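These notes are about the structure you will find just below.
The values are calculated or read from the model by the stated rules, or taken from the named source; none is laboratory data. Fair warning: this is a prediction, and the values are worked out from it, not measured in the lab. Cβ: placed from backbone, ideal geometry, glycine included. Neighbour counts: every protein chain shown.
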């Protein structure tokens, strides 16, 4: 297995031709994924299946999307909480985000529907490139989850069940350069409500994560390097074994910053896997509706309060 460690965070090459279930390479990768998620809640992924030409196109299209008039971006594109345009928040005035509710894996129709709302005359190029990129990110997400399930000794059917109930949202993010009188905080420290968040930057630094030691580190902004963050849902699923990765965005460069990501949610209930509950690890969390939790999080400002929401 081709892997390395960057700032205490392992890098896993998902294009390794030997990375197949049942092989020593797969076993080693699965243990590395589990260890990384339990310690710091994140790991890096390299994947040469994602061509830079597509990455560059998607970032260019993301900029086109954010350049649309505000009233266009604020149109209703989903009934799910936070699966739409977010911006103008006085706590984070540099931040804009907009999401495409995929309502399941590889949903070309959902991308087409979104594009038709933003560009009523249609935008086939947008749909084609976003769909290609989303499919590649979904492959990364699903492979990472299969590695994780194997690491805990859970059978394939358990992972299949989660993947079948997974809903994705593809999001773009834009961060303005702060004015002299403004704070450089792009996003305040937080965890995501997801299972996995797969983030990709575009050569402008800003993403920082908090290690188990309490140290904050800056993440390499190369678009060829993906970072997978565990969210609150995997913390609950694992009965507290997995760390929900706390992260923030700090704008330190005199450039507008763009990033993109794929975020996974559950169309059913989020709950602890039964095989991860025993005498030594009694159940810590109650089951909850994922989207109700996302909506409720918006009413809670403290990260400590958020962590208490699903505790028994």
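Brief remarks on what is shown
- For segment 132-149, the count of residues that are under 16 Å from the mean Cα position of the chain (by Cα) and in a strand (DSSP E or B) is zero.
- Residues satisfying the stated conditions in segment 27-59, i.e. without any contact (Cβ under 8 Å) to a residue 40 or more places away in the chain and within 26 Å of residue 216 (Cβ to Cβ): 32, 35, 36
- Residues in segment 88-110 that are over 15 Å from residue 264 (Cα atoms) and in contact (Cβ under 8 Å) with a residue 40 or more places away in the chain: 91, 92, 93, 94, 95, 96, 97, 98.
- Residue among 275, 292 that alone is part of a helix (DSSP H, G or I), modelled with pLDDT of 95 or more and more than 30 Å from residue 52 (Cα to Cα): 275
- Identity of the residue in segment 15-37, part of a helix (DSSP H, G or I) and in contact with a strand residue (DSSP E or B) (Cβ under 9 Å, 6 or more places away or on another chain), that ends up surrounded by the fewest Cβ atoms within 10 Å (Cβ to Cβ): 35
- Failed criterion for residue 254 (all others in (1) touching a residue at least 24 places away in the same chain (Cβ under 8 Å); (2) surrounded by 14 or more Cβ atoms within 10 Å (Cβ to Cβ) hold): (2)
- Taking the conditions (1) without any contact (Cβ under 8 Å) to a residue 40 or more places away in the chain; (2) outside any helix (DSSP H, G or I); (3) closer than 23 Å to residue 291 by Cα in turn, residue 122 satisfies each one other than (3).
- If the condition is being part of a helix (DSSP H, G or I), touching a helix residue (DSSP H, G or I) at 6+ places or on another chain (Cβ under 8 Å) and within 13 Å of residue 174 (Cα to Cα), then segment 55-72 contributes 61, 64, 65, 66.
- Restricting segment 81-106 to residues that are part of a loop (DSSP other than H, G, I, E, B) and buried (at least 18 other Cβ atoms within 10 Å of the Cβ), the residue that is modelled with the highest pLDDT: 94
- The lone criterion from (1) touching a residue at least 60 places away in the same chain (Cβ under 8 Å); (2) loosely packed, with under 14 Cβ neighbours inside 10 Å; (3) farther than 30 Å from residue 249 by Cα left unmet by residue 157 is number (1).
- Qualifying position, being buried (at least 19 other Cβ atoms within 10 Å of the Cβ), within 17 Å of residue 111 (Cα to Cα) and in contact with a helix residue (DSSP H, G or I) (Cβ under 8 Å, 6 or more places away or on another chain), among 50, 45, 77: 77
- Residue within segment 251-263 that is under 19 Å from the mean Cα position of the chain (by Cα), within 14 Å of residue 191 (Cβ to Cβ) and modelled with pLDDT under 95 present: no
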